[in-house]
Structures are given as structure tokens and as C-alpha cells.
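Q: Quick one: the structure is below, questions incoming.
The values are calculated or read from the model by the stated rules, or taken from the named source; none is laboratory data. Since the model is a prediction, treat every value here as computed from it, not as a measurement. Neighbour counts run over all protein chains shown; Cβ positions are idealised from the backbone, glycine included. Note: accessible area is taken over every heavy atom of the protein model, side chains too, but ligands, DNA and RNA are not part of it. Shrake-Rupley method; radii C 1.70, N 1.55, O 1.52, S 1.80 Å.
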Amino acid sequence: MRLSIFRFDPDRDRKPYMQDYELVPEPSERMLLDVLVRLKTVDDSLTFRRSCREGVCGSDAMNINGRNGLACITPVSGLKEPVELRPLPSFPVIRDLVVDMSQFFKQYHSIRPYLINDEPEPDKERVQSPEERAQLDGLYECILCACCTSQCPSSWWNPEKFVGPAGLLQAYRFIVDSRDRAGAQRLDDLNDPFRLFRCRTIMNCTEVCPRGLSPSRAIEKIRLMMVKASL
Amino acid sequence: MRHALSGLNAWLVQRLSAVYSLLFIVYLSLHFLLEPPGSYEQWQQWMRQPLVSTASLIFFGALSLHMWVGLRDVVLDYVHSPGLRVCLLASVAIGLAAMAAWTARILLG
């Protein structure tokens, strides 16, 4: 198996470069991350993030043959060779495949990703009906891997002002939560030319989401809620 | 509105103007396909009918607004220097307003 991997060590390299590797995957090495972990035993300078290795933590998001995805759930068998691995597009590179996610999490925090409810706390819990709970399906599963935001042209042009698909999916997740009481404020906070409305409905986000979620649908629903609220 | 430029309003204007323009273009195409005017005079007569001239006027208004939102989006996406952005937005607004006024003069004249 041939791989071409983006390499950059800010302490040593003046410019990034692509390094070629070749190895024969063992039968047990079925996912791309398995191959990367073995490559690291050959070349310990190769740097990447990984943790759960089963598509839950979102650490090993990277650009695989031009498309963002999680290395741990990308089967080696379907990949065109040489497999080109790059860090998430548009994010500042710290080293090799490791990127700086500060801006991404800043946008995530800007939507206040927690329940806001000043009503007196009930004795046990804030109860939700099964229907109300079902509203959160397709939203709560987001693992914040940043595959979507890093592949979104609107985020490339205005990362400081546009919340981005991941943040907007989370915004919708709290807007539709029956236990939250800040829906109107949340909608108002997104109603400017940049935070939500830089979205051009390009739908790269939905296309690449490794969890099969649809940030573009969530964005559309926020827009429709805004229209309803303004009537 | 907390900002000089709106989010939801611009988006709504873009959607509504697109729907109106599409309907008008379909109507115009059908008219020219089924009842093509035989001469320039006939065409002028048809255009002078109050319903047709009003619908055309609304169409060009919708087209101008649609172009404004679209071009505004291009400027907001790619132009990050505030000074240059204001200059470009002003030029687009003035250009579109002049074209809209000229079109209105032709249609109403």
C-alpha cells in the first residue's frame, strides 16, 4: 500500500512537504488508522491525533484523498493509491496531521452549547416526552470532529464570523430542546449577515459528515424558525 | 436589527424575488411561444397593458433586489477590508439603483 502524507514540523521545516510511504497491511489492519499506527512504529516522527479508534471521539479527522473523514472508520480496501493524507483544510497546522482547533471551538462555545432554563428546578429532573426527545435525534450524535466545518467554503472565507456547520447543528440542537428556554435569544443571536447567513447551502458538510448527520438541514430549519418568529 | 446589514431579511428577499422572477419568466416564455407578437407595434401594445407593465416593473424590481443580495454576498464572502467593502457595496447599490431607475423610466415612459 502506497501513502503520500503531508509533513510539517515547524521547528525543523521551512515549508510543508509530502512524504511517500509504502507498506503491506496485515489482514487485521482494516482501517486507515491501523495503517497509520503501524507507520508510526516505522517512523516515530509522524504525528497525528487518535483516541477511541472507533469513530466516537472524533480525534483522527483528516483529509483522505481530498475528502474529510475519520481515519479509524475509513476502510483501507476502498482507497485509491497512493492514499493522500492531509490535515483538515483551512485549519492552522500544528504539526503533520495535527491542526489547531481553537477557532472551531470558539465558534462552538459562541452558540452557548448548554441548556438555559431559569425556571425553578424540579425535584427530580426536567421531563421530556418521547416525541420531544426524538427532536434531538440526528443532532446530539455530533462528535465535533470538525470534518464538516473544515470542508465548508463559507467557513474558509469567514472563520471568525461564520459559526460553521458543526456549531449551527449544535445551535439547532439546543433551540429544539424542549427543556431549553432561550430559543428566542438563540435565534436572535444568529440573525446577522455572518453567523448563520454566510451559509450558501453548498452542503459539503452533509456530504462529508462521518456520522451521517445533516448540518445543512439543521441550518435550513433554523432559517424557517426565524421566518416563523418574525411573522 | 443590531447590524447595518441584515441576515434574515436579505435571505427572504432573495428567496421571494427568485420565486417571482421564475414565475414571470415562465409566463413570458409561454406568451412568446403561444402568442408571439406579429410586429413591433403589437409587442408595444401588449407591453402597455397595465397588468403586463406592472408585472414587468415588479420583475425588474425583484431582479435588482436579487442581484443586490447576491452581489452583497460575494462582497461579504471575499472582501475583508472594511473600507474596500463599503466602497464596493456602495458602487453595487448605486449601479443597481441607476439601472432599476432607467428600466422604470423605459417601462413607464
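Q: Restricting to Cα pairs below 8 Å that are 6+ residues apart, what does the relative contact order work out to for chain A? Please round to a whole percent.
A: Worked out over chain A, it gives 18 percent.
Q: Then there's this: Between region A:116-150 and region A:37-111, what's the alpha-carbon centroid distance in Å?
A: Spelled out, the Cα-based centre of one part sits 27 Å from the other.
Q: Could you sort B:Y20, A:Y172, A:Y140 by accessible area so the largest value comes first, with the probe set to 1.4 Å?
A: The ordering from most to least exposed comes out as A:Y140, B:Y20, A:Y172.
Q: Could you order A:D20, A:D60 by accessible surface area, starting with the largest, using a probe radius of 1.4 Å?
A: A:D20, A:D60
Q: For chain B, what does the helix formula give at 222 nm: sum of -39500 (n - 2.57) over DSSP H segments with n ≥ 4, over the residue count, nearest 500 deg cm²/dmol?
A: -29500 deg cm²/dmol
Q: At 0.36 nm per residue, and after removing the present C-alpha to C-alpha distance, how many nm does the segment from A:S110 to A:R38 gain when stretched out fully?
A: 22.1 nm
Q: Among the helices of chain B (complete DSSP H runs), which have Cα atoms covering no less than 18 Å along the helix axis and a Kyte-Doolittle mean of at least 1.0?
A: Result, helices passing both filters: B:8-34, B:50-78, B:82-108.
Q: What spacing in nm lies between the two simple spin-label points modelled at B:M47 and A:D9, each 7 Å away from Cα in the Cβ direction?
A: 7.3 nm
Q: What GluC sites (Glu not before Pro) does region A:83-180 have in DSSP loop regions with at most 14 other beta carbons within 10 Å?
A: A:E125, A:E141, A:E160
Q: I'd like the projected area of region A:140-182, averaged over all directions, using the convex hull of its alpha carbons. Report it in nm² with one decimal.
A: Over every viewing direction, the Cα hull of region A:140-182 projects on average to 3.5 nm².
Q: Any number yet on Rg/Rh for chain B, C-alpha, Kirkwood?
A: With Rg and the Kirkwood Rh in hand, the quotient comes to 1.08.
Q: In deg cm²/dmol and to the nearest 500, what is the mean residue ellipticity at 222 nm of chain A if only DSSP H runs of at least 4 residues count, each as -39500 (n - 2.57), divided by the residue total?
A: -8500 deg cm²/dmol
Q: For the protein assembly as shown, with only Lys/Arg (+1) and Asp/Glu (-1) charged at the beta-carbon, what is the dipole magnitude about the Cα centre, in debye rounded to 20?
A: Dipole about the Cα centre, nearest 20: 760 debye.
Q: May I pose another question? What nm value, rounded to one decimal, do you get for the distance between B:S81 and A:E22 when each label is placed 7 Å out toward the C-beta?
A: Spacing of the two 7 Å Cα→Cβ label points: 5.0 nm.
Q: Additional query: Which trypsin sites (Lys or Arg not before Pro) in region A:122-174 sit in a loop by DSSP (not H, G, I, E or B) and have at most 14 other Cβ atoms within 10 Å of their own Cβ?
A: Those satisfying the criteria are A:K124, A:R126.
Q: Can you give the average number of partner chain beta-carbon atoms within 10 Å of each beta-carbon in peptide A:189-197, as a whole number?
A: Going residue by residue through A:189-197 and averaging, the value is 6.
Q: Select from A:P122, A:V99, A:P82 the residue farthest towards the positive end of the dipole of region A:82-129; place +1 on Cβ of Lys and Arg, -1 on Cβ of Asp and Glu, and compute about the Cα centre.
A: Ranked along the dipole, the leading option is A:P82.
Q: Now a separate question. Taking all protein chains together and a probe of 1.4 Å, list A:R30, B:R72 from the most accessible to the least accessible.
A: Of A:R30, B:R72, the descending order of accessible area is A:R30, B:R72.
Q: Accessible area per residue of the protein assembly as shown at 1.4 Å probe, in Å²?
A: 57 Å²
Q: Within the set A:K161/A:K228; A:K124/A:K161; A:K40/A:K80; A:K15/A:K106; A:K80/A:K161, which residue pairs have Cα atoms separated by over 31 Å?
A: A:K124/A:K161; A:K80/A:K161
Q: To continue, here is another question. What is chain B's relative contact order, in percent, from Cα pairs under 8 angstrom and six or more apart in sequence?
A: 34 percent
Q: Here's a follow-up. Send over the Kirkwood Rh of the protein assembly as shown, from the inverse of the averaged 1/r over different Cα pairs, rounded to one decimal Å.
A: 23.8 Å
Q: Go through B:Y40, B:S29, B:L51 and say which Cα lies farthest out towards the positive end of the charge dipole of chain B; charges sit on Cβ, +1 for Lys and Arg, -1 for Asp and Glu.
A: After comparing all options, I get B:L51.
Q: B plus A alone minus the pair: what accessible area, both sides summed, probe 1.4 Å, in Å² to 100?
A: Summing both sides, the interface buries roughly 1500 Å².
Q: Give the whole-number value, in cubic angstrom per residue, of the convex hull volume spanned by the C-alpha atoms of region A:1-81.
A: In region A:1-81, the Cα convex hull volume per residue is 102 Å³.
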